[in-house]
Every structure is written in structure tokens, then in C-alpha cells.
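Undergrad: Okay, here's the structure, questions in a sec.
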Amino acid sequence: MYKKILFNTCLTEYCDHIFNFALNLAMENDAKLWIYYGLGRINGDKDKVELVIKEGEAKVAQAYVEKMREKTFDNYAINVTDGDVVGEISKLARNAAVDLMVLGTSTELPLSMGEDPGVESIGTVATNSILRAPCPVLVVPPSMIPGLARG
């Protein structure tokens, strides 16, 4: 059903579990797995931006490539950009004709002024990606992540 799956990572331990979910989904569907890592806005000249992007690509490769090799999966692409994360991931999904985006949620409590500490947020990137995505978005909840289940 899915031929192109886009996984958004922040390169934390939390994302490792979401990556495993996305990888298994890609393998089950014989789909290409796009791994996206957004750097946010980088201040600096073109050379600095290019250097930071190359460093980001190396970090993504270090985090995930060996895991894919162990499962003999090689149908993937790594995409690292600067700029607005949600805008860039939406643009990539549209330009690559992605069938499904796989995202995690925020694991932080919304303790900003005026927010109820008993209500948890799914996170800014997940919320805005859902609203701007050109394709379906699958959000992996913390309750599926070992050690983060609540209740």
C-alpha cells in the first residue's frame, strides 16, 4: 500500500523506537524509506550551512544505516535541511510523492504559562506536520515506546 514512507527524526533515543517502527513498515510494504532530519534555521554563510548539513547527514547515517544493513534493507534516502522543519518536511513529502509520514510525539509536558500540566502535547512539529502534510501522517504515541508508557 505504501511505496514511499517519510520518517522524521530528531536523533534522540526516543526516535530510535519510532525509526524501528518506520523501518518495519517500509520493509513490510517494500517501500522506500526517506529519513528526514531538520536542523532549523542556521545562521551563517552558504559554506557554513553546507558544512552543518553534511555533519547532520553523517549523524543520521551513524544513527540508522547500520541498523538497516543488519536487516538487509537498502531502499532508503537521507535528507537533511536547514530552515523551518515543518515547511521543509512538507515540501520533501510533496516533491518526493511520499505516501505516508511517520512522526513521534513530544515527550515533554506542556508547562508553559497558562497550560494545564495534566494535559500533554503531541508537540509542535507533529501538530503542524499533521496540519500541513500533503499525505497521511502516522503519529507513534509514547505509549508504544518502551519506558515511556504512562497510566
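Bear in mind that the values in this text are calculations on the coordinates, not laboratory data. This structure is a prediction, so every number in the text was calculated from the model and none was measured. In this analysis, Cβ positions are derived from the backbone assuming ideal geometry, glycine residues included, and neighbour counts consider all displayed protein chains.
Undergrad: Positive end of the dipole of region 4-144, charges at C-beta (+1 Lys, Arg; -1 Asp, Glu), about the Cα centre: which of A96, L51, Q62 has its Cα farthest in that direction?
TA: Checked the options; the winner is A96.
Undergrad: Under 24 Å from the Cα of K3, which lysines turn up, not counting those fewer than eight places away in the same chain?
TA: Result set, ordered by chain and number: K32, K67, K71, K91.
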